[in-house]
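Taking it in order: structure first as structure tokens, then the write-up.
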Amino acid sequence: MTRGGWMGVALAALLAWPGGPSAAQQAADAVSPEAAGAGALALTPEVAAAQEAKAAGRSVKAREWMVAVANPHAAMAGARVLRAGGTAADAMVAVQAVLGLVEPQSSGLGGGAFLLWYDAQAGALTTLDGRETAPMVATPTLFQDEDGAPLGFFEAVVGGLSVGTPGTPALMQAAHERWGRLPWPGLFKDAITLAEDGFDVSPRLAGLVDRDAARLAVHPETARYFLPGGAPLAEGDMLRNPAYADVLRLIGRQGAEAFYTGALAEDIVAAVHGAARPGLLSLRDLEGYAVKERAPVCAPYRGHDVCGMGPPSSGGLTVGQILGLLEGYDLTALGPRSARAWRLIGDASRLAFADRGRYMADSDFVPVPAKGLLAPDYLARRAEALEGDAALRDVAPGMPEFDHAGLWGPGGTLSQPATSHISIVDGYGNALSMTTTIENAFGSRVMVRGMLLNNELTDFSFRTHRDGRPVANAVAPGKRPRSSMAPTIVMRGGAPVLVLGSPGGSRIIGYVAQALIAQLDWGMDVQQAAAMGHLVNRFGTFDIERGTRAEALAAPLADLGYEVEPRAMTSGLHLIALTPDGLRGGADPRREGVALGQ
Ligand code: GLU
């Protein structure tokens with residue numbers, strides 16, 4: 001792979017992207033952490049064809065199986081497993097192992113994930129929660145200084161303090177034990193080969209390393225890997241990670257236990273304790289980690305069931321609330337270019353975010369009114385606020401039906417996006433939707449044996465109280481930080497019709513809701529939905545994706561009373577539609593991934 005190869009396809013993608021970024025935007029994005037890495041690694045003709053389709057704004061078609069992920073190497077590893085008769089769970093293991101290598105800024109064994117699974121044989125949907133947990137000795141003031149003031153975000157992120165007990169290795173194994181068909185050790189083959197033989201540093205990875213160089217320099221192992229000889233890795237550099245290959249071989253041989261106990265676990269704990277801001281993770285935390293199987297959270301929308309991840313993620317509930325608030329409005333008639341449609345979507349989203357801030361957290365630790373938040377009569381009452389013609393002046397949390405007396409304060413957590421979404425449909429009709437993360441770009445920046453450890457604990461509230469009330473998402477031992485990840489499977493008539501999700505911090509919720517509306521209300525296909533310029537409103541300000549057609553809505557929305565903020569918005573939507581005519585895959589042009597199918 002040459003630099004020219006990456007650049008050529010990147011340019012083609014930008015030119016063909018409907019409402020694509022201007023040249024100035026392209027230059028600005030090249031160095032931004034959310035850089036539009038619309039590149040391609042044309043390793044096989046199959047990948048080249050998929051990249052071409054993406055660049056031309058076309059979805060990829062298949063009949064039997066499909067995998068849509070953020071990196072071509074990872075897509076190829078998944079495709080190899082699916083072609084060999086593996087299930088979506090088998091393919092996910094191969095994909096995740098490769099993503100941890102080629103997209104180390106986003107996800108990996110040192111992180112956590114949520115997975116939705118549609119089981120074709122059982123005709124049922126379930127979820128696995130592989131979210132990180134707070135160490136058993138953590139206290140609610142984990143991210144406060146001696147005076148009780150919250151630490152600055154990056155002060156808290158970089159080092160050992162932010163590291164939660166990783167869940168991804170246990171999640172991979174739990175999914176494989178339940179739904180896998182192919183032998184476990186073989187699923188790591190492609191990742192081991194790539195880690196040993198090397199892979200080209202992608203433009204997106206190079207851009208992020210360059211931008212983050214100061215933080216990557218803090219810990220010696222991290223610095224040696226990302227800043228060899230003191231200089232940031234450059235696009236096209238050949239990168240090898242033999243330590244990671246050894247970890248994969250070990251886990252392949254011995255299972256995820258080899259991560260959670262023994263020498264590797266000891267190394268992880270030592271790295272966390274020896275890090276810049278020493279953390280609290282212990283061997284006991286690692287040994288005690290458990291994946292939790294939970295019922296999905298489903299919300300009706302336009303004759304579909306939109307199913308997602310419940311607490312500790314706010315993703316499924318918040319997406320469900322947004323759609324529920326909009327159900328009574330004819331968005332189809334208004335269309336995607338109507339400021340009125342976006343006023344409704346924006347204010348529905350603000351109402352949902354107000355409830356999210358107050359009520360949503362790890363329901364194993366605090367009572368969450370999950371049912372009340374999605375109750376149709378509650379949402380219908382809340383939706384009355386949308387009746388006017390201008391931006392809502394004030395938005396406050398509602399009072400959902402709740403069997404607890406709850407007086408929670410609003411909890412704000414800042415989350416900087418660096419995550420990845422995996423969508424897979426296998427030849428048996430199973431569907432998998434998994435969002436996987438190490439939280440911030442490069443997580444805690446602490447590296448152990450070629451793996452970065454997460455900073456997921458900074459998804460907790462840094463404050464324990466607000467306005468004299470306790471915050472639901474405060475730190476507690478063993479608790480899982482609230483997430484925004486929204487892996488989604490849309491069902492119709494008991495069968496899956498759409499698999500999707502995205503990275504993007506708390507903007508994930510807006511990206512996923514928009515992609516659903518684009519398809520269910522506006523008739524867009526998966527690739528159009530992935531490429532469409534974003535408009536996201538969480539707390540009042542309307543974020544509008546710079547350099548896209550969405551910018552045409554900036555003035556009309558400002559007239560309706562919003563503060564509009566044009567900005568880069570690097571989602572990473574990966575979607576698969578299951579249609580009567582077969583499978584259709586879409587990959588976000590803002591990232592480097594593809595959809596591959598057969
Ligand atoms: N840590 C975030 C969450 O779980 C995800 C971050 C991202 O999307 O980059 O909500």
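Residue check: LEU553 meets all listed conditions (1) out of contact with any Ser or Thr (no Cβ under 7 Å at 6 or more places or on another chain); (2) of a type outside the set (Gly, Ala, Ser); (3) within 16 Å of the ligand (Cβ to nearest atom) but one, namely (3). Total residues in region 545-587 satisfying the condition of being of a type in the set (Asp, Glu) and closer than 19 Å to SER506 by Cβ: the figure is 3. Condition (residue is within 16 Å of the ligand (Cβ to nearest atom) and farther than 18 Å from ILE576 by Cα) applied to region 113-121: is it met by at least one residue? Yes.
I'm checking my understanding of the structure. Among residues of region 60-86 that are among the aliphatic types (A, V, I, L, M) and assigned to a helix (DSSP H, G or I), which one is surrounded by the fewest Cβ atoms within 10 Å (Cβ to Cβ)?
So the residue we want is MET76.
Here are ARG181, ARG131: which of them is modelled with pLDDT of 95 or more, of a type outside the set (Ser, Thr, Tyr) and within 14 Å of the ligand (Cβ to nearest atom)? That would be ARG131, the only listed residue that is modelled with pLDDT of 95 or more, of a type outside the set (Ser, Thr, Tyr) and within 14 Å of the ligand (Cβ to nearest atom).
Test GLY57 against the stated conditions and say whether it is open to solvent by 20 Å² or more (accessible area, probe 1.4 Å) and either touching a Pro at 6+ places or on another chain (Cβ under 9 Å) or not in a helix (DSSP H, G or I) (or both). In short, yes.
Here's the yes/no breakdown for (1) among the aliphatic types (A, V, I, L, M); (2) away from the ligand (no atom under 14 Å from the Cβ); (3) open to solvent by less than 10 Å² (accessible area, probe 1.4 Å):
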| residue | (1), (2), (3) |
| --- | --- |
| HIS421 | no, no, yes |
| TYR428 | no, yes, no |
| ALA431 | yes, yes, yes |
| PHE442 | no, no, yes |
| VAL448 | yes, yes, yes |
| LEU457 | yes, no, yes |
| HIS465 | no, yes, no |
| VAL499 | yes, yes, yes |
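Would you check if there is a residue in region 481-494 being within 16 Å of the ligand (Cβ to nearest atom) and more than 19 Å from ALA70 (Cβ to Cβ)? Yes: region 481-494 contains one or more residues that are within 16 Å of the ligand (Cβ to nearest atom) and more than 19 Å from ALA70 (Cβ to Cβ). Among the residues making up region 87-109, a single one is aliphatic (A, V, I, L, M) and not in a helix (DSSP H, G or I): LEU109. Annotation: of all residues in region 545-598 being closer than 30 Å to ALA120 by Cβ and polar (S, T, N, Q), the one that is least open to solvent (accessible area, probe 1.4 Å) is SER571. Taken over region 325-380, the residue count meeting the criterion of being touching a strand residue (DSSP E or B) at 6+ places or on another chain (Cβ under 9 Å), acidic (Asp, Glu) and open to solvent by 10 Å² or more (accessible area, probe 1.4 Å) is 2. Of the residues LEU264, LEU317, LEU286, LEU281, only one is within 16 Å of the ligand (Cβ to nearest atom), at pLDDT 95 or above, aliphatic (A, V, I, L, M) and crowded, with 20+ Cβ neighbours inside 10 Å; which? On inspection, the qualifying residue turns out to be LEU317. The C-beta contact set for region 462-488 (first residue without any contact (Cβ under 8 Å) to a residue 24 or more places away in the chain, second residue away from the ligand (no atom under 16 Å from the Cβ), distance under 9 angstrom, 6+ apart or interchain) is empty. Of all residues in region 452-483, those satisfying the criterion of being over 30 Å from PRO300 (Cα atoms) and part of a loop (DSSP other than H, G, I, E, B) are LEU453, ASN454, ASN455, PHE462, ARG463, THR464, ASP467, GLY468, VAL475, ALA476, PRO477, GLY478. Scanning region 65-80 for residues that are over 17 Å from the mean Cα position of the chain (by Cα) and farther than 17 Å from PRO203 by Cα yields TRP65, MET66, MET76, ALA77, GLY78, ALA79, ARG80. Of ALA138, ALA170, all but one fail to be touching a helix residue (DSSP H, G or I) at 6+ places or on another chain (Cβ under 8 Å), more than 24 Å from LEU116 (Cα to Cα) and more than 15 Å from the ligand (Cβ to nearest atom); the exception is ALA138. Only one of the numbered conditions (1) more than 16 Å from the ligand (Cβ to nearest atom); (2) open to solvent by 60 Å² or more (accessible area, probe 1.4 Å) is not met by LYS292, and that is (1).
Checking the structure you have, find out if any residue of region 488-497 is under 30 Å from GLU221 (Cα atoms) and open to solvent by less than 10 Å² (accessible area, probe 1.4 Å). No.
The values are calculated or read from the model by the stated rules, or taken from the named source; none is laboratory data. Owing to the predicted nature of the structure, the values given are computational and were not obtained by experimental measurement. Cβ: placed from backbone, ideal geometry, glycine included. Neighbour counts: every protein chain shown. Only protein heavy atoms, including side chains, enter the accessible area calculation; ligands, DNA and RNA are left aside. Shrake-Rupley method; radii C 1.70, N 1.55, O 1.52, S 1.80 Å.
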